1. Which residues in the range A:163-179 place their backbone N less than 14 Å from a point set 7 Å from the Cα of A:K275 along the Cα-to-Cβ direction?
2. What list of ³J(HN,Hα) couplings, whole Hz, do you get for the range B:211-221 from phi and the Karplus terms 6.51, -1.76, 1.60, once you set θ to phi - 60° and write x for glycine and proline?
3. Place a +1 charge on the Cβ of each Lys and Arg in the range A:139-385 and a -1 charge on the Cβ of each Asp and Glu, then give the dipole magnitude about the Cα centre in debye, rounded to the nearest 20.
4. Cα axis of helix A:25-54 to longest principal axis of chain A: angle in degrees, 0 to 90, nearest 10?
5. Given a 10 angstrom Cα cut-off, can you work out which residue in A:V102, A:V301, A:V368 is the most mobile in a GNM of chain A?
6. Taking a ≥ b ≥ c as the square roots of the Cα gyration tensor eigenvalues, with a/c under 1.5 meaning rounded and otherwise prolate when a/b beats b/c, else oblate, which class fits the range B:383-435?
7. What is the sum of charges, Lys and Arg at +1 and Asp and Glu at -1, for the other residues whose Cβ falls under 14 Å from the Cβ of A:V136?
8. Classify the range A:139-385 as rounded, prolate or oblate from the Cα gyration tensor: take a ≥ b ≥ c as the square roots of its eigenvalues, call it rounded if a/c is under 1.5, otherwise prolate when a/b beats b/c and oblate if not.
Amino acid sequence: MPTSNRDAAVETEPSAATSAETTSSPWTTVLRVVLAIAIPVAMVIAFWWAFGFLRRTDANRLLIVLVAIVVGVGGVFFVFWAMDRLVDYLPRRLSESVRPYVFVGPALVLLTVFLVYPVINTIIVSFKDPNSANFVGLDNYRFVFTDPSMLRSIRNTAMWIVLVPLVAVTTGLGFATLADRLRHGEATAKSLIFLPMAISFAGAAVTWRLIYSYTPEGFGSNIGLLNAVKTGVFGGQPVAWLSQQAWNQNNFYLMVIMVWVQTGFAMVVLSAAIKAIPDEIIEAARIDGATEFQVFRRIIVPSILPTIVVVTTYMVINAMKVFDIVFVMGNAEANHTEVIAERMIRWFFIQADDGRGAAIAVVLFLAVIPVMVWNVRQFREQESIR
Amino acid sequence: MRARVTAVLAVAAVIAAGCGGSSSGGKGTTGNGKLTGTIVMMSAAQQNEAAAYQQIFDKQINAKVKYKATVESLSDFETQFQIRAKSGTLQVAAAPQPGALPKLADAGQIVSLESLGFNIDELNSLVGKSFMDLGLYKGQHWGLPTNINLKSMIWYPKKAFDAKGYQVPKTWDDLMALSAKIKADGSTPWCAGYESGSATGWPATDWLEDIMLRTAGPDTYDKWWKHEIPFNDPSVKNAAELFGKVMFTPGWVLGGAANSTNINFADAPKPMFTSPPKCWLLKQANFIAAQFPTTAKPGVDYDWFEVPPIQQQGVLYGGELTVVGKNANKAVAKDFLTRFIAQDVQCAMGGVPASSRISPNINVQQSCYVNPILGQSSTVLTGALKDGTGRFDASDLMPAAVGSGAEWTGMVKYLRQGPSSLDSVLASINNAWPQ
């Protein structure tokens, strides 16, 4: 008896629901359509208000942060939820083919507005005068490839691209391999090396300014760590490290900072890759009589090569757009430590020459493309192996 | 995959930046015509200075009006100023480089004093026509002078100076003789520091301008910054050589000329206040007094004299022209600036102990300044403004590519590489002039 009772309940409920639906069907449809229109409209109004509010300078900072979080996180969620509901009301066959575009749509719109459009506009501006009013042909590009300071920035950036990833990945790989052998304290050792990763480039540069600090005689005591080591161990006079131009050495002092920040990242990623190598392979190699170096060269490195490539690419791109370190460390032009991104900011914002700034930006953009293509190709290859 | 993550982050960053920057038709315009809302004045003033000015704004302006004026202190003023002007979020800014204004005016990013409804004749009599004319472009005035500082100053440690029996030099030759005498007495005459981050080299340009004004005269000086004579003209070279004489004579500069480019300009006065002083003379504008030890008393422990005449005398000054952005509430901006430049507010600002600013309002009396040094400077400056003999810092009048680029870098190279580099340095500065 209980069974039949439950059956009855199960049967009646849906039918009741359907009957309710069918009886109030026209109203529900109207309501739904109204809702489907009203919700986006309300959303637009809410966003409009929120963006206006966020721009107010006199509002409570905490409140602004709160609104930004609620609108930013909740808003995005709500947009997708509302769009999804909207699609539900379309005829079933149509809705399923439309749904993917609805999900991808906002991202595509954002990409177009904030990435594609600026790229095209920058290219156009790069052919114009400082006020981006009149076209000047190739003048700005002629400047990029003839100005001595620009040429130096290109040369310096090339050095950054080669040296920073090379040193950072090599030391990172060394640390990862050696830390893997540690019996105790592997986590501590790795944490210490990873720590600088938490510091922004600008912050790291300010810290390193103190290390390179130099005070000429008569202006107080030298507080720089490097000068303390230099005068303490080797004797002699303190040195103004950041203006030492012989063999471009001050460029290398700046690169050290980025290496210091990024080695930890390389180490952590490579360490994870090393740990993923099956023990059997390494053991088999050892049984076959391979030395430790052979294991490293012929087993470990080939196994983690894809990871090394990814880490290196990431660093190449980072080195290519380095700006803060150079900018914080004094007059780049007088010290001959210019890099492309630094020149771009200087010409665009400080010298207020839109055309030249944009032309430098385009050159930088073109230089990044091969690295990107290479990276994507590498990624595809990895995917196809899987 | 990493690249993908980076790309997503980059997009996020761009979105964030885009949200911050967009503003056309923003709040600023909504209250047009009504004297309500807020107005923000960007300034390169130090934090503590700005905080003191805010108190004066609150008491003397905000208490009397329905809008609220705030002062914002920015250490990277030049960059932020350009960014805000471009993005249209600029309200009011006290810009230290009149040379940047024509470009902003051409781009329609700032509005002229005429279009704000100012009476130019009144302003001319208030701050002097010569200063007002620095903001003159295409027949309109684009900036209101709100701050002035005296550059033609040489500081010395008075107590030790007098004890040694040194005399304040009356001529350039006296100054050179004094330098030689200090060196002969076993000390170093000049303190010098030209480091200033990415603006390293700017204090050296003041030297060049002061000497240029005294050797070539005001007319050639005007031709120089207007580029009617080339930057490597013989008159400029002559001035640079006189500057080089001071810098490159062995034993005249503490640490040597090359090292002066590694010493922050704010640290340059330090050795002057040791006992005995390690250097005795420092050429720097009045605002450097803020960097002196707080225990040192003006007029007792230190004092200043004007850079002495060479072939003639001159007064070199720097200052700020305050501009109004295109999207600012114009009625509020005009009302605010009118109150701000008025004698009572300007006089009150002189009463701020943290202040290192001098009012360009020629009616503001010496007695307004709690700092006697500022008071003395103000008398020199208002005199020069009244008779129009003063000249503005040339590097701030030149296009940014020269005045805040090639010239700074050029001076650093000259100081580091020595007298033989002068010709190539001047030629490269001349080449940097926008065509």
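1. Within reach of a label on A:K275: A:176-179.
2. Along the range B:211-221, the couplings run 6, 4, 5, 8, 9, 8, x, x, 5, 5, 4 Hz.
3. For this selection, approximately 160 debye.
4. Approximately 30 degrees, to the nearest 10.
5. A:V102
6. prolate
7. Computed value for this residue: -1.
8. Note, shape of the range A:139-385 comes out oblate.
Every number here is computed from the coordinates shown, using simple stated rules; none is lab data. On a predicted model such as this, the values are computed, not experimentally measured, just so you know. Cβ coordinates were reconstructed from backbone atoms using ideal geometry, including for glycine residues, and neighbour counts include every protein chain displayed.
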